[in-house]
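The block underneath contains the structure these notes are about, expressed in structure tokens.
The values are calculated or read from the model by the stated rules, or taken from the named source; none is laboratory data. Treat the numbers as computed from the prediction; the structure is a model and nothing was measured. FYI the Cβ positions are ideal-geometry reconstructions off the backbone, even for glycines, and counts take in every protein chain you see.
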Amino acid sequence: MKIYNQRAGTNISPASNGFFDLHGYKTDTFLFICKNYSPVELCYKDSVTKWSYDITVYMRHIEVEMNMLVITPDKTYDEIQNEIDSLGVKNTDTYKNVNAYQSPITALWEMYSKTERQKREIAILMNDDQRRATLKELLKLCVKTNLIDLSFYDFDAFIDFCGYTDEYLQQTSFYDLLSSIKQHYRYFRR
């Protein structure tokens, strides 16, 4: 805790028991400052003239309410490689192994049905989200190892700039992928 005399510009520290003696003029304003507490201002300008006052200063604790925070550990290169290997749009058809020659109506229904088309679109969007999340984990590791210097807020723009597809990510070696990220980063920063 610090007590600041605003007129004189001096600091006073109370004793270890919390008591203190202040000496000042009637025009002095004292500011009581303590970490995690709201500051309190004390002034005797309008008070009755006495030689000394015994006061107790009550400070209000500052409460900070934060949203829930989830901390997840960084993934390893092997975990990221496993996620890359699992990328790909999953087959969402109700009748996955339908033979168009044996059942043409079922095959046409699978191809043109609004419900089946929506399921395919959702599968594509989920795969895009998974690819983006995997690339963000990879970029976090690249930043952590000083391969690139990119802020977390630029990850989405950088991923869009690179335009990596599932096929490229799965067919290229990890070394080539990191080299490609480094090369794309040079052009991204221009």
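Out of all the residues in region 123-145, which are in a helix (DSSP H, G or I) and of a type in the set (S, T, N, Q)? Residues satisfying the conditions are N127, Q130, T134. In region 155-181, the residues that are polar (S, T, N, Q) reach residues that are at pLDDT below 95 and not in a helix (DSSP H, G or I) with C-beta atoms within less than 7 angstrom, at least six apart or across chains, in these pairs: Q170/L87.
Tell me the residue from I3, I62, I33, I12 that is loosely packed, with under 14 Cβ neighbours inside 10 Å and modelled with pLDDT of 75 or more, please. Spell out how you get there, then give the answer.
Values: I3 fails: loosely packed, with under 14 Cβ neighbours inside 10 Å; I33 fails: loosely packed, with under 14 Cβ neighbours inside 10 Å; I12 fails: loosely packed, with under 14 Cβ neighbours inside 10 Å.
Residue meeting the stated conditions: I62.
Just to verify a result, which residue in region 34-70, among those that are charged (D, E, K, R) and out of contact with any Ser or Thr (no Cβ under 7 Å at 6 or more places or on another chain), is nearest to I12 (Cα to Cα)? So the residue we want is K35. Of the residues making up region 28-68, those that are assigned to a loop (DSSP other than H, G, I, E, B) and in contact with a Lys or Arg (Cβ under 6 Å, 6 or more places away or on another chain) are D28, S38, Y44. Just one residue in the set I71, I105, I148 is of a type in the set (V, I, T) and in a helix (DSSP H, G or I); that residue is I105.
For region 70-92, indicate whether the set of residues that are of a type in the set (G, A, S), more than 19 Å from Q183 (Cα to Cα), at pLDDT below 90 and outside the structural domain of C34 (by TED's automatic domain parsing) is non-empty. Taking every residue of region 70-92 in turn, at least one turns out to be of a type in the set (G, A, S), more than 19 Å from Q183 (Cα to Cα), at pLDDT below 90 and outside the structural domain of C34 (by TED's automatic domain parsing). Restricting attention to region 160-190, the residues that are in a helix (DSSP H, G or I), within 26 Å of the chain's Cα centre (by Cα), surrounded by 11 or more Cβ atoms within 10 Å (Cβ to Cβ) and among the aromatic types (F, W, Y) add up to 3.
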